[in-house]
Amino acid sequence: MRTSEEAVRDYLRARETGDLALLDEVVAPGFTHRMRGVQEDRDTLFARVAQAASLYADMHHEIEVLLTTGVQVVCQYRFRARHVEPLPLSGSLAELCGATQIPAAGGTVEMTGMFIAVVRDGQLQSGAGEFDALGLLLQLRAQGRPDPGRPADG
């Protein structure tokens, strides 16, 4: 059985590679995740991981801090990847940018994030996290994207 630390490392590896079989191993059937005030279930997580695998190439999570206290794991990371497909926007991000997508230019993006996971029996049971969405949007703009205040789709 995986330790809590191994489960989190495998979780990040599955996200980097889009390996849904590995994700299935490390995420419990009743998994829930809270990010930016929104509760997500396991199916939503799998859809986001599959989407990220198409949007980004050369994904890597550099773990900066990893603390475990029995069943809880706190992870602070730095994410790097090349943005290779248009990034769909919805909700508050679409409103902020005034667009439904940001075109890809192949540039490298980097952002920081953190999450707290509850791990039992080698599987993530639940999690809560945040990442620097504004920093990501500013990088995309700096790489020649349309002004976030104007529509990107024409």
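Read the figures in this text as sums done on the coordinates, not as results from a lab. Fair warning: this is a prediction, and the values are worked out from it, not measured in the lab. Methodologically, a virtual Cβ is constructed for each residue, glycine included, from the backbone with ideal geometry; neighbour enumeration extends over all protein chains shown.
Comparing GLY135, GLY37, GLY98 in a Gaussian network model of the chain (Cα springs below 10 Å), the most mobile by mean-square fluctuation is GLY37.
One entry in [x] -0.59, -1.00, -1.14; [y] -0.44, -1.00, -1.20; [z] -0.70, -1.13, -1.23 is log10 I(q)/I(0) by the Debye sum over Cα atoms at q = 0.11, 0.17, 0.19 Å⁻¹ calculated from the shown coordinates; its label is [y].
For the chain, the longest principal axis of the C-alpha atoms and the axis of helix 42-55 are separated by about 50°.
Between the listed residues SER54, TYR11, ALA133, the Cα displaced farthest toward the positive end of the dipole of segment 2-137, a dipole computed from Cβ unit charges relative to the Cα centre, is found at ALA133. What does the net charge come to around ARG2 if you take all other residues with beta carbon closer than 10 Å to its beta carbon, with K and R at +1 and D and E at -1? That sum, taken over residues with Cβ under 10 Å, equals -4. For segment 58-71, 3J(HN,Hα) computed residue by residue from phi via the Karplus equation (6.51, -1.76, 1.60; θ = phi - 60°) reads 6, 5, 8, 9, 8, 6, 9, 9, 9, 10, 10, 9, x, 8 Hz, glycine and proline entered as x.
Between segment 1-68 and segment 77-110, the C-alpha centres lie 19 angstrom from each other. Placing +1 on each Lys and Arg Cβ and -1 on each Asp and Glu Cβ, with no other charges, gives the chain a dipole about its Cα centre of roughly 260 debye.
Out of CYS97, ILE63, VAL38, whose Cα points farthest toward the positive end of the dipole of segment 1-122 (charges: +1 Lys, Arg; -1 Asp, Glu; placed on Cβ)? Result: CYS97. Note on VAL26, VAL84, VAL118: ascending count of other Cβ atoms within 10 Å places them as VAL84, VAL118, VAL26, the fewest first.
Exposure proxy for ILE102, ILE116: other Cβ atoms within 10 Å of each Cβ, ordered fewest to most, give ILE116, ILE102. Across every direction, the projection of the convex hull enclosing the Cα atoms of segment 2-71 has a mean area of 5.3 nm².
Between the amide H of VAL84 and those of TYR56, ALA57, distances stay under 5 Å, these residues lying 5 or more places away or on another chain, with hydrogens modeled in the peptide plane. For the chain, the longest principal axis of the Cα atoms and the long axis of helix 4-17 meet at an angle of about 30 degrees. DSSP loop (so not H, G, I, E, B), at most 13 other Cβ within 10 Å: list which trypsin sites (Lys or Arg not before Pro) in segment 1-106 pass both filters. Loop-located and lightly packed - ARG36. Scanning residues 5 or more positions from VAL119 or on other chains, those with amide H under 5 Å from its amide H are GLN72, VAL73, GLN125, with H placed 1.01 Å from N in the peptide plane. How tilted is helix 133-142 with respect to the longest principal axis of the chain? Cα atoms for both, answer in degrees (0 to 90, nearest 10). Taking the Cα atoms of the chain, the angle to 133-142 is about 40 degrees.
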